[in-house]
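Heads up: the structure comes next, in structure tokens.
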Amino acid sequence: MEIAIRATPVCDEDESDRLNRELIEFLNELRVVLPGVQVLFAFLLILPFSKGFAEVTHVQRLVYIAAVLFTTLSTILLLAPSSYHRLRFRDHQKEQLIEISNRLVIAGMAALALAIDCAVYLITSYVFEGWVGIVAVALASAGFAGFWYVLPFTQKP
């Protein structure tokens with residue numbers, strides 16, 4: 001059984017209304033993503049101060065730093081649309097704002113996926129020895145690639 005969710009077309013929507021609606025939809029999507037980035041960043045910030053961190057290997061430390069940097073990049077990219085909007089909102093360039101913000105968020109989500117992959121590796125390689133961390137990252141990466149990027153492009157409009 002296939003469930004189709006279709007938005008009701010807005011026939012009497014002019015260009016300004018469309019841009020306003022798209023901006024509101026965009027901001028609502030960001031409200032879903034940003035708390036996850038904040039929680040991941042908080043986890044990563046406290047990790048070096050925990051007792052067990054002294055026991056991590058050199059590779060795990062490198063992966064930890066990569067996770068922090070990817071999370072930082074994700075935060076920068078995902079918050080950039082708000083800064084852009086605040087600095088340029090009086091310029092009446094809403095369509096340009098939406099286009100640029102869309103690119104920034106797509107890149108931010110890719111950085112977030114890499115940060116989560118690093119965190120998954122760090123946790124699984126600490127808890128289990130050997131290949132388990134690599135398998136966990138491969139599965140997580142496949143999930144991100146499949147659901148975040150492949151699925152949207154394989155659906156009919």
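Readers should treat all values here as calculations from the given coordinates under stated rules, not as data from a laboratory. This one's a predicted model, so the numbers in the text were calculated from it and none came from an experiment. Please note: Cβ atoms are built from the backbone with ideal geometry, for glycine as well, and neighbour counts cover all protein chains shown.
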### Message
Step by step: first the residues of segment 24-42, then only those that are β-branched (Val, Ile, Thr) and in contact with a helix residue (DSSP H, G or I) (Cβ under 9 Å, 6 or more places away or on another chain), then the one that is surrounded by the most Cβ atoms within 10 Å (Cβ to Cβ). Which residue is that?
### Response
37
#### Entry: Subset tally (residues that are of a type in the set (A, V, I, L, M, F, W, C) and surrounded by 15 or more Cβ atoms within 10 Å (Cβ to Cβ)) for segment 79-97
3
### Task
Among the candidates 106, 76, 65, 116, single out the residue that is of a type in the set (A, V, I, L, M), out of contact with any Pro (no Cβ under 9 Å at 6 or more places or on another chain) and surrounded by 15 or more Cβ atoms within 10 Å (Cβ to Cβ).
116
### Query
Which of the residues spanning segment 48-65 are in a helix (DSSP H, G or I) and either out of contact with any helix residue (DSSP H, G or I) (no Cβ under 7 Å at 6 or more places or on another chain) or free of Cβ contacts under 8 Å to residues at least 40 places away in the same chain (or both)?
48, 49, 51, 52, 53, 54, 55, 58, 59, 61, 62, 65
